[in-house]
Amino acid sequence: MRDNVVLKLHPEAVLQERVNIRDNTKEILVRWSGLHADEATWESSEQIKASFPEFVQKLEDKLQLQQGSIDEEDDVQDVRVGGRKSSRERRPNPRYHD
């Protein structure tokens, strides 16, 4: 068996996002190609952008397709939900007052 085997990983999907509260940076949970989802790792969003720009571009393109374009006109109807207000008198909850 070789001692100097190098495993070349490429990001396959972003599973989650979070903000690191220690340094207020965005992190993403990356699923790597060829590895099981249990082996996904939290990576700096900026580091992934720098190391895998083609992956980031593919993600941005996919998001734009899912969200649609601002130039499209959707057939949107104005629907009001819960148009009536309660006639009940509003009183403060005594449990939350000093």
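The values are calculated or read from the model by the stated rules, or taken from the named source; none is laboratory data. Bear in mind the structure is a predicted one, so any value in this text is a computation, not a measurement. With ideal geometry, Cβ positions are generated from the backbone for all residues, glycine too; neighbour counts draw on all protein chains shown.
Worth pointing out:
- Looking only at segment 8-51, and only at residues there that are in contact (Cβ under 8 Å) with a residue 12 or more places away in the chain and part of a loop (DSSP other than H, G, I, E, B), the one that is surrounded by the most Cβ atoms within 10 Å (Cβ to Cβ): ALA40
- Qualifying residue in segment 51-74 (condition: of a type in the set (Lys, Arg) and at pLDDT 75 or above): yes
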